[in-house]
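Down below is the structure, laid out as structure tokens.
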Amino acid sequence: MKHFMARPGQPLIDHLSGVGSMMMSSVPHRWRSLAYLIGFLHDIGKFRSEWQAFLNEGGRSPGHIYQGIWVLSHHYRLKQHLPAAMAMLAHHSYINDDRLLPIHEIKKSAQIEQESKEAIANLIGSGGRLPELDEIDGFVDVWDGFFWLKILYSVLIDSDRLDAAIASGFKPASHPSINELFDKIHPQQKGGKLNQIRDKYLNDCLDDAMQPHGMRSLIGPTGIGKTLTSCAMALKMCQVHHKKKIIYIAPYCSILEQNSAVFRQLFGDRFIFEHHSRVIDRNHGEGCSDRHYQERWEHPIVCSTLVRLFEIFFGNGSSLRSLQALHDAVLIVDEVQSIPIKYLRMFLDFCDRLARDYGTMVVLLSATIPKYPTEWGFPIHETFQNGDRQYLIDAVKRVQYQYLGRVEMRAIADRVKNHHQALVVVNSTKQARELYQQCHDDGVFHLSTRMTPVHRTSVLQQVRQRLKNGDRVLLISTQLVEAGVDLDFPVGYRMMAPIPSLIQFAGRIGREAIGAIKSVFLFELEDDSVSEFIYGVELAIARAMINDDVDPDVLLHQEDATTIFFNRCAMSMDAEKYWSEYQHNCAKFDVAAIADSVALINDSPSAIVLVEGENDRIYNKAISGKTLSMTEWRSLQQYSATVGHGDRSLIKNGCWTGFYDKMIGCLTDDAPLLF
């Protein structure tokens, strides 16, 4: 009996059945038969003599993907085979790859028919057989088909790559079970009125976790302990509803690193996996560069960014591999207000599909979650509803908002310098730099994305220590500290911004000061044109809601403030247009068009900066155009900074050639230091 091989050392029948079995374990029960069939057929073309000769003699690959699609369409009665066929077609490429034959041509090709029949004959001649499959239910509608295309593609490329890697000697790591963490569901709280409120909040959330809601929103004022509470809640959901892991998503690396450190301290390193651009050998030493660890998300608790989640939901190619990890998982999306309104409905729709069809339980987390329009039709359970939401706001009220109107920057600088401790957030890096220079003195610090992560982290550490010691500290920053960053100042100044941003900023003021009301001053700057460019219609709506005739303290402490703001923005931005385009592309199964149309991050260039004595060797290697290892590349991400489009001439091979100051960041000739 002739032996047919998938690759040197691995019998083909073992590969096909192995991939099929892996796929079965990554889909709901009603799709397991189809998943096994796809896994078995995806490489059936390798049963051809031409492919086997290629393995033994080399030369040009004869290809092997079209035959499985022909067999699928001619030997099995599927009401809707297109998603399965498209997943198989793309498994060595990406969906909608126009270099590949269209499926309708594959089905009617006489040559592919002949090759497919040869593959089947060789399969049977070697003692194998085609899997049996009863007719399965068709997909409910086109969107269901599109969703399952993404799922089947993710599961197929994951199973195919993992099986091939194991056959080549890769040893999958053994990870602990989420079950080992169930005794840590109740974090220990300290005494005091605020911690009593936090304990009640935690217990209410744990009670709610007992309910089998697929999607829920968890609102809580800043400082109430949402991060630890949401993690405890997710653990309870895993315990009660038999989920396998927790996937925690945050919008920014700074929040992710801060909260991942909390999780590590609480649960231990071996339970946590971080996946973002600034991780340096934290997960598996040098081995963390292996793509299987990066893409499979196997640990009990996975921490990643919103950008990465958007790539999984709406991207294409290898970025979709991690989608299979959401099967029977609890997905926490922190600071959900950071999702652009124009993409929000499609994001929630994908979450809804995961909850209904893929066993995922989704927790939307924020201090400023609006009530989404009922016509969207998403069954989002509110953990705290109506009066409960207002109770939480009132119970932890710590600030009073005051509107200063439009003022000169010098006037803000003079006010700020009179404080012993204060936080100021403006809307652009230029504004932050200029205000910092006007306030410059001992104990004055600056933060913006023109600084590298390693230096921003250093500034935050110094600021927190000064706050703790009671030393003088004034921090002037862009928006990067307004959500999720653990700071506690006695007074704050926030330049006008969208309503959720103002409320999030207030969470950095009087964080532990229940009963002692602190001041948050809202202001606008004279000669400011950049804020409208940054925020667009959202700023105009916020200005219409907060002005000289409106008491901002009343408005921003109302439970429905964010809902009013959200609804006005959705109408003004014509968010339905983006939703309609998305539905249109889903109907065409056009994954590539969706991937091109959804961009969560701006396209401002970033560059690696040289910091003498810290990264000289790797920087010099990078600027000279030499190839960097994964470890070297990740270490340089700690020294990357965002610059403006007009600064591109100062970037060479991805490296900044202009001046860099650790306290201010990347500087150009037209932005001199004033001290």
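The values are calculated or read from the model by the stated rules, or taken from the named source; none is laboratory data. Everything numeric in this text was worked out from a predicted model, so none of it was measured. In this analysis, Cβ positions are derived from the backbone assuming ideal geometry, glycine residues included, and neighbour counts consider all displayed protein chains. Keep in mind that these areas ignore ligands, DNA and RNA; they rest on the heavy atoms of the full protein, side chains included. Shrake-Rupley method; radii C 1.70, N 1.55, O 1.52, S 1.80 Å.
Residue pairs whose Cβ atoms lie under 7 Å apart, separated by 6 or more positions or on different chains, with the first residue in region 526-555 and free of Cβ contacts under 8 Å to residues at least 12 places away in the same chain and within 20 Å of Lys342 (Cβ to Cβ) and the second surrounded by 14 or more Cβ atoms within 10 Å (Cβ to Cβ) and of a type outside the set (Val, Ile, Thr), are Glu532/Leu539. Picking from residues in region 271-328 that are in contact with a Phe, Trp or Tyr (Cβ under 6 Å, 6 or more places away or on another chain) and β-branched (Val, Ile, Thr), the one that is modelled with the lowest pLDDT is Ile272. Could you give every pair whose Cβ atoms fall below 7 Å, whose first residue belongs to region 236-255 and is outside any loop (DSSP other than H, G, I, E, B), and whose second residue is of a type in the set (A, V, I, L, M, F, W, C) and open to solvent by 30 Å² or more (accessible area, probe 1.4 Å), counting only separations of at least 6 or pairs across chains? Close Cβ pairs satisfying both conditions: Gln239/Phe182; Val240/Met210; Ser254/Leu480. Name the residue that is nearest to Thr222 (Cα to Cα), counting only residues in region 349-364 that are out of contact with any strand residue (DSSP E or B) (no Cβ under 7 Å at 6 or more places or on another chain) and open to solvent by 10 Å² or more (accessible area, probe 1.4 Å). It comes out as Asp349. So for region 451-461 (the condition being in contact with a Phe, Trp or Tyr (Cβ under 8 Å, 6 or more places away or on another chain), farther than 22 Å from Ala261 by Cα, in contact (Cβ under 8 Å) with a residue 24 or more places away in the chain and open to solvent by less than 10 Å² (accessible area, probe 1.4 Å)), does at least one residue qualify? For region 451-461, residues in contact with a Phe, Trp or Tyr (Cβ under 8 Å, 6 or more places away or on another chain), farther than 22 Å from Ala261 by Cα, in contact (Cβ under 8 Å) with a residue 24 or more places away in the chain and open to solvent by less than 10 Å² (accessible area, probe 1.4 Å): absent.
Identify all residues within region 84-114 that are assigned to a helix (DSSP H, G or I) and either open to solvent by less than 30 Å² (accessible area, probe 1.4 Å) or closer than 25 Å to Ser159 by Cα (or both); write none if there are none.
Here is the first cut: in region 84-114, the residues assigned to a helix (DSSP H, G or I) are 84-89, 103-108, 110-114.
If the condition is that a residue be assigned to a helix (DSSP H, G or I) and either open to solvent by less than 30 Å² (accessible area, probe 1.4 Å) or closer than 25 Å to Ser159 by Cα (or both), then Ala84, Ala85, Met86, Ala87, Met88, Leu89, Ile103, Ile106, Ile112 are the ones that fit.
Going residue by residue through region 297-306, is there one that turns out to be of a type in the set (Ser, Thr, Tyr), open to solvent by less than 10 Å² (accessible area, probe 1.4 Å) and in contact (Cβ under 8 Å) with a residue 40 or more places away in the chain? Within region 297-306 (the criterion being of a type in the set (Ser, Thr, Tyr), open to solvent by less than 10 Å² (accessible area, probe 1.4 Å) and in contact (Cβ under 8 Å) with a residue 40 or more places away in the chain), the answer is yes, since at least one residue qualifies.
Just to be sure I understand, how many residues within region 645-664 are more than 16 Å from Glu612 (Cβ to Cβ) and in contact (Cβ under 8 Å) with a residue 60 or more places away in the chain? Of the residues in region 645-664, 1 are more than 16 Å from Glu612 (Cβ to Cβ) and in contact (Cβ under 8 Å) with a residue 60 or more places away in the chain.
Selection of region 608-641 for residues being buried (at least 17 other Cβ atoms within 10 Å of the Cβ) and among the aliphatic types (A, V, I, L, M) yields Ile608, Val609, Leu610, Ile618, Ala622, Ile623, Leu636, Ala641. Restricting attention to region 516-531 and to residues that are at pLDDT below 90 and out of contact with any strand residue (DSSP E or B) (no Cβ under 9 Å at 6 or more places or on another chain), the residue that is most open to solvent (accessible area, probe 1.4 Å) turns out to be Asp527. A count restricted to region 193-232 and to residues that are at pLDDT below 85 and touching a Pro at 6+ places or on another chain (Cβ under 7 Å) stands at 0.
Here is a check on your reading of the model: is Phe505 in a helix (DSSP H, G or I), under 26 Å from Ala413 (Cα atoms) and within 26 Å of the chain's Cα centre (by Cα)?
On the way: in a helix (DSSP H, G or I): yes; under 26 Å from Ala413 (Cα atoms): yes; within 26 Å of the chain's Cα centre (by Cα): yes.
So Phe505 fits the description; yes.
Only a single criterion out of (1) in a helix (DSSP H, G or I); (2) basic (Lys, Arg); (3) under 20 Å from Ser93 (Cα atoms) is not satisfied by Arg30, namely (3).
Quick grid of which residues meet (1) among the hydrophobic types (A, V, I, L, M, F, W, C); (2) crowded, with 21+ Cβ neighbours inside 10 Å; (3) more than 16 Å from the chain's Cα centre (by Cα):
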site: Arg321; (1), (2), (3): no, yes, no
site: Ile332; (1), (2), (3): yes, yes, no
site: Val336; (1), (2), (3): yes, yes, no
site: Ser366; (1), (2), (3): no, yes, no
site: Tyr372; (1), (2), (3): no, no, yes
site: Glu382; (1), (2), (3): no, no, yes
site: Gln400; (1), (2), (3): no, no, yes
site: Leu404; (1), (2), (3): yes, no, yes
site: Asn418; (1), (2), (3): no, no, yes
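Counting the residues of region 38-50 that are surrounded by fewer than 24 Cβ atoms within 10 Å (Cβ to Cβ) and either within 40 Å of the chain's Cα centre (by Cα) or in a helix (DSSP H, G or I) (or both) gives 2. The residues of region 535-557 that are over 18 Å from Glu335 (Cβ atoms) and open to solvent by 40 Å² or more (accessible area, probe 1.4 Å), listed by number, are Val537, Ala540, Arg543, Ala544, Asn547, Asp548, Asp549, Val550, Asp551, Val554. Residues in region 558-567 that are modelled with pLDDT of 90 or more and open to solvent by 50 Å² or more (accessible area, probe 1.4 Å): Ile564 only.
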